[in-house]
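Just so it is clear, none of the values below were taken in a lab; they were calculated from the coordinates. Here the structure is a predicted model, which is why all the values come from computation and not from measurement. Cβ sites come from the backbone with ideal geometry, for glycine too, and all protein chains shown count toward neighbours.
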Amino acid sequence: MDIILEFINRLYTTFADPQKRVFLGYLIAAICISFFWLMIIKNKNIYESMKIIFDKKVFFSKSSFSDYSMLVINTLLLIFLSPILISQLAIANLIYELLHLQTIINPLRMEINYMWLLPFIFTFCYFVFDDFTKFITHTIMHKIPILWAIHKTHHSARTLTPITVFRTHPLEGIIFILRSAITQGIVIALFYYVYGNNISLVTILGANVFSFWFHLAGSNLRHSHIRISYWPWLEKIIISPAQHQVHHSTKKRHFNKNFGVTFAIWDRIFGSLKVSNQHEEIKFGICEKEEIYENNIIYLYISPFIEIYKIIKNFLQQNILKLR
Amino acid sequence: MNYLNISKVSFKKASLGSILACSLTFALSSSLYAAGHENGYGPFPVTVKGYSGSATNSVSYGGQIARHLLHNNLKKLASGGNPNDPTNAPMKKMIVNFSGKDAGRKILSPTSKDKFPIKQKMVDELSKKKNLSGKTYQGVMPAWPGNMTGVQVLNHMIKKAGKTSGGVDTRNGYNYPQLISKFAMGAVFYNQACDNYLDEKLNADTKPNNKPYKKGAAYTGKEHVWDEAFGYWGAAAHTMSLSAKDSYNVAKGKSLKAADHNKDGMVDLASEMTYAHAYYASSFDKGGKTNYLKTVTGAFIDGRKLITSANGNKLSESQIIQLKSYAGEICDNWEAVIAESVFKYAGSVYGDIEKIEKGMASGSSIDKALSNYIKHWGELKGFAMALQAGKENLGQTATKLNRMMGFGPLMPNLSQVVGVDSSGNFIKDQGSSFGYYKLHMIKIQKIMVEAFGVTARSKDKMSGMAALSKSLSTKTSAEND
């Protein structure tokens, strides 16, 4: 009974908590932005816009149904997995303790007149560092074969909807949860060690103020068929929905591009940035040809394990042969 | 229009009935409320079989209150140390209160104030020929250098305090009034109550309930054993009718209204004052997270009621089991109060070091910060030693605690006391760093949480980080970027 209640609570929180990406308010904001884009920029009438935004072929596709199923199954799985994962507080405690053993970073020992700014500095630094670790994690998910085997589940989506963020293999879910815990642990420990109780998170409706505005500005459209692009100069700073859709493209020249979530600067620094092109047709998925099983829910959960097994087996065989 | 069809007469009758019913309910609830507030520690009737005296109340813990006052005196006198006094008078005065039994010892704290008049002026008015040394922990205290017993440690501290200006040794970092007071509270009160009266003396055949405690006494063996333990706890007899804040204000001499239960216009130190660990319990409880004071005092009252209900007969096996269960509750919570104090002062010491570091970095004076550091460290050390004077052998917990705290505080020149020579003089060596030492304070707080489950957590060094972490956390979900 407790598990059922927890399951319902988790599903409800997914859409009711402004800290969550698919919070209902953000989804409504995304719809509004889509209307604005289609009617003002693309000169569509309201009927056409509605037809495009709520396209049945997208929301009732096999791919989308797999996304919905994975949201439900993963929510259930995480009820059991979450308690055994290390928390950000445990990591923060460890780092905070370790900071006492060094002398390079020290607690603030003088009066500063920008004390009132500290919560904003902390909130912004956390937002930027969080974005950077997301970029790094996402990059290695593509570059390391074992991790790619897991991340492929997400890229196998043929249609993108905001729910596609939950088309994530549980193993990848664990990796992302740990990434988040480590990121938070590092930022919390560092700031707390230096500034003590003078720091806090600046929030709107309980969500990081920067995340709140990022999501309100249509972050959910990155996983959608609405190809909103920015001016090229802005796409070199912030990742537009269209840029992330390029990341999901089946075209070879789009592979390993635009790993960033919010900021495009990481992709610029590491040479993986690609600005969007409105004239270019994009098909979503891993490859052009659709596989029969690619939306089969059992296949989505099992195939990464099989692939990992094959990768390890090949690796061992090659190395054993070399040794012989 | 009379929709309900009620006549004027019926309405009057009904109104009168309602008023009477309300009045009766109010009177009944008022008396019940008053009865609830009478749930104090005593008076309890005399149950000794064949008692021929005139006493009507069997409660007696004057000796314990006398020791609380001797402890207060000792703390006060420890701050009067004078290295230039050739007669060594400060130390002698302390010894009179620690191990002397002579008449004529004045009560130095609390003393009468206009708004808080005290009934007694002399220790002997509470009980005669009492001292602290005879009731001090006899085991070895590894937290203090020199492999001394509890009594020897206090003697050593008293000797040092007498020869130290104001009782504060700024070279080695010892604040003797704090060290002596906090350790004595554990080594005498906590130890006597939990390792003696509420331990072996609760066995049915030890100080049995079917015999007077001593010939002619108005109380049985068990009644007096229980009363003595309650006396050491230090709560006012009417604690259950007070809030934690009231009890705290009583100890601080700030609320005559709360203290003066018998309304005679003065505070009777025998039953209306809050002392020692009961005071610390109130200080934590007023924060609202804990209820140590009433849990312990309530268990004492329940235990005493149980003994009284035996009506002077030997306690049955089930009654002894029940009594031991109350004793367990008392000592667990008592221990937690001391652990809360260790937790709090570890946090204070951490904060003081930060202030010293700031002062050193900016080149400003660190005198005040250093003075607070030494004071808080004395409290930390004293409470940590008190914790080790209980019934339980704390084993590894005590070892960790003592190692992390050290024999003395880490001084700004990074020196630290590491032992004593054969003459009892402190030996110093180079310590670690303030960073390490601060880390030790955090770990001490962790130990207090893990080993004793402290919940008030005053001066929690990690709470800010936990709150920050909470503000960032949300229910986990498997999401992609």
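Quick look at the values:
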read-out: 3J(HN,Hα) from dihedral phi, region B:314-321, Karplus parametrisation 6.51/-1.76/1.60, rounded to Hz, x for glycine, proline; value: 5, 6, 6, 4, 5, 5, 5, 4
read-out: Nonlocal amide H pairs with residue B:174, under 5 Å, H built at 1.01 Å; value: B:169
read-out: Reachable aspartates and glutamates from residue B:119, criterion Cα separation under 16 angstrom, eight or more residues apart if same chain; value: B:260, B:264, B:268, B:272
read-out: Overall Cα dimensions of chain B - principal axes, largest extent first, Å; value: 93, 81, 50
read-out: Within straight-line cross-link reach of residue B:129, aspartates and glutamates at Cα separation under 15 Å, skipping those fewer than 8 residues along the same chain; value: B:102
read-out: Efficiency of FRET between residue A:69 and residue A:47 - r from beta-carbon atoms, R0 45 angstrom, step 0.05; value: 0.90
read-out: For residue B:420, distant residues with modelled amide H under 5 Å away; value: B:146, B:427
read-out: Gain on full stretching of the segment that runs from residue B:101 to residue B:113 - 0.36 nm per residue minus C-alpha separation; value: 1.6 nm
read-out: Per-selection metrics, chain A (Cα): Rg and Dmax in Å; value: 21.5, 70
read-out: Bins of 10 Å from zero: percent of alpha-carbon pairs in the protein assembly as shown; value: 2, 11, 16, 16, 13, 12, 12, 10, 6, 2, 0, 0
read-out: For region A:150-219: Kirkwood Rh in Å [reciprocal of mean 1/r, alpha carbons]; value: 14.8 Å
read-out: The protein assembly as shown: calculated mean residue ellipticity at 222 nm from DSSP helix runs of at least 4, using -39500 (n - 2.57); value: -17000 deg cm²/dmol
read-out: Per residue Cα convex hull volume in Å³ - calculated over region A:177-324; value: 217 Å³
read-out: Cross-link partners of residue B:159 among lysines (Cα-Cα below 17 Å; sequence separation of 8 or more within a chain); value: B:75, B:76, B:92, B:93, B:182
read-out: Vicinal HN-Hα couplings computed from phi for region A:88-96 (Karplus, 6.51 cos²θ - 1.76 cosθ + 1.60; Hz; Gly/Pro x); value: 5, 5, 4, 5, 4, 4, 4, 5, 4
read-out: Along each principal axis, Cα extent of region B:243-311, largest first, Å; value: 39, 34, 17
read-out: Alpha-carbon centroid distance for the pair region A:117-142 / region B:246-321, whole angstrom; value: 55 Å
read-out: Using θ = phi - 60° and Karplus 6.51 cos²θ - 1.76 cosθ + 1.60, couplings along region B:120-137 (whole Hz; Gly, Pro as x); value: 9, 10, 10, 4, 5, 5, 8, 6, 9, 6, 9, 9, 9, 4, x, 10, 8, 2
read-out: Nonlocal Lys pairs with alpha-carbon distance under 29 Å, region A:258-324 (8 or more apart, or different chains); value: 7
